[in-house]
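Working notes, structure below.
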Amino acid sequence: MKNKIASLMLVVMFFALALPGICLAAWPKKPIMIMIPWPAGNDPSTMVASAMAPVMSDELGVPVKVVNKPGGGAVLATNELRNSRPDGYTMGLISIGPMITQVLRGKTPYANEDLKPLGLVWSSPFTLACRADAPYNNLKELAEYGRTHELKLAHWGLGAVPTLIAMNAGKIGGFQWKETAYKDLNPLLVVKGDADVITFSIPGIKDYVESGKMKILACMLPDRLPDYPDVPTVAEQGFGDAYSIWFGAFVAAQTPDDIADQLSDTFFKVMARPEIQKVIQNVGVIPHPTGPAAARKQMDSELANFGAIMKDLGIIE
């Protein structure tokens, strides 16, 4: 009798140990949703994710759909992702704003660690740009000019990441901007002389640069812009770290590592395909895939660094 009980216990233990592996082997077995916290329209992340979804579906064997859930500066969808079941069937493409600066400002019902990064995926190609005839061609010359002259900066708002990068560059360069936030920021502010420098992405200023009306002083990316390889980054010029306006792939924090890793591997495998790289190039974002561990390390660093910048500006206490 004792031997039968012992044997039964061994069988139960075997299935208990094998069960997680069986569950994982069965994943995925239902549709996967890629949540985008912005309106569809001309949103680059929506366009890239929509191109990737059918290919990811082929790889995973289940439908993959893209769902736009805009509102609250991306905070609403990010919080919904945080509260989703941690089973790998809901992932989101979230940017640095709702993951870092909005968290620091206390504008979110979630903490940064409530989401697990699958990796950082691409960045919006933001720059610091000015009129073509301005008496400075880089950030060092800009700082020298700014220490003896007024420099008007046009930007989206003090809490916006490109603005924080520009304000930090001013602090490092030893000058203060005369800054103005615009709800409808437009490069014409610089062209017409209402502002000296603007924080803006390449698609919006490219025509002005190519027509000789504007020039780029620095790019806000880890690496130089492919179309403007002669323009150094903010970090290269010694005016801050290798910040960027990045976008990353995330799931709920308690998602099992094995499932998160499988989803991450599939996402980056599909993202590397030539047809997807062509879509990325066409929509104007800059790919720089970063794995989960590197993404977490970067976010931890940015929480500290942007926190210090925002305290210095009086945005947070």
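Per-structure values
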quantity: Criterion violated by Pro229 - all others in (1) surrounded by 16 or more Cβ atoms within 10 Å (Cβ to Cβ); (2) farther than 25 Å from Glu302 by Cα satisfied; calculated: (1)
quantity: Residue in the stretch 96-113 that is among the polar types (S, T, N, Q), over 19 Å from the mean Cα position of the chain (by Cα) and either surrounded by fewer than 22 Cβ atoms within 10 Å (Cβ to Cβ) or not in a loop (DSSP other than H, G, I, E, B) (or both) present; calculated: no
quantity: Hits in the stretch 254-289 (condition: crowded, with 19+ Cβ neighbours inside 10 Å and touching a Gly at 6+ places or on another chain (Cβ under 8 Å)); calculated: Thr255, Ala260, Leu263, Ser264, Phe267
quantity: Answer from Leu263, Leu303, Leu225 - the residue that is among the hydrophobic types (A, V, I, L, M, F, W, C) and outside the structural domain of Leu60 (by TED's automatic domain parsing); calculated: Leu225
quantity: Criterion: hydroxyl-bearing (Ser, Thr, Tyr) and in contact with a Ser or Thr (Cβ under 8 Å, 6 or more places away or on another chain) - qualifying residue of Thr163, Thr101, Thr180, Thr148; calculated: Thr163
quantity: Cβ-Cβ under 9 Å pairs, at least 6 apart or on other chains, the stretch 100-127 side closer than 16 Å to Trp156 by Cβ, far side small (Gly, Ala, Ser) and in a strand (DSSP E or B); calculated: Ser124/Ser95; Ser124/Ser201; Pro125/Ser201; Phe126/Ser201; Thr127/Ser201; Thr127/Ala218
quantity: Subset of the stretch 65-79 (residues that are among the charged types (D, E, K, R) and surrounded by fewer than 17 Cβ atoms within 10 Å (Cβ to Cβ)); calculated: Lys65
quantity: Qualifying residue in the stretch 78-94 (condition: in contact with a Phe, Trp or Tyr (Cβ under 6 Å, 6 or more places away or on another chain), farther than 21 Å from Ala294 by Cα and modelled with pLDDT of 95 or more); calculated: yes
quantity: Failed condition for Lys311, given (1) more than 18 Å from the chain's Cα centre (by Cα); (2) at pLDDT 95 or above; calculated: (2)
quantity: Residue tally, condition under 24 Å from Phe239 (Cβ atoms), within 25 Å of the chain's Cα centre (by Cα) and among the acidic types (Asp, Glu), over the stretch 169-214; calculated: 1
quantity: Complete set of residues in the stretch 114-136 that are under 30 Å from Arg85 (Cα atoms) and not in a strand (DSSP E or B); calculated: Asp114
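One line per residue, one yes/no per condition, for (1) assigned to a loop (DSSP other than H, G, I, E, B); (2) out of contact with any Asp or Glu (no Cβ under 8 Å at 6 or more places or on another chain); (3) of a type in the set (D, E, K, R):
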| site | (1), (2), (3) |
| --- | --- |
| Thr199 | no, yes, no |
| Pro203 | no, yes, no |
| Asp230 | yes, yes, yes |
| Ala235 | yes, no, no |
| Ala242 | yes, yes, no |
| Val251 | no, yes, no |
| Ala260 | no, yes, no |
| Leu263 | no, yes, no |
| Phe267 | no, yes, no |
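For (1) modelled with pLDDT under 95; (2) touching a Lys or Arg at 6+ places or on another chain (Cβ under 6 Å), each residue gets a yes or a no:
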site	(1), (2)
Leu225	yes, no
Ser244	yes, no
Val251	no, yes
Pro256	no, no
Asp261	no, no
Phe267	no, no
Pro274	no, no
Gln277	no, no
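The values are calculated or read from the model by the stated rules, or taken from the named source; none is laboratory data. As the structure is a computational prediction, the values presented were derived from the model and not from experiment. Here the Cβ is made from the backbone with ideal geometry for all residues, glycine too, and neighbour counts use every protein chain on show.
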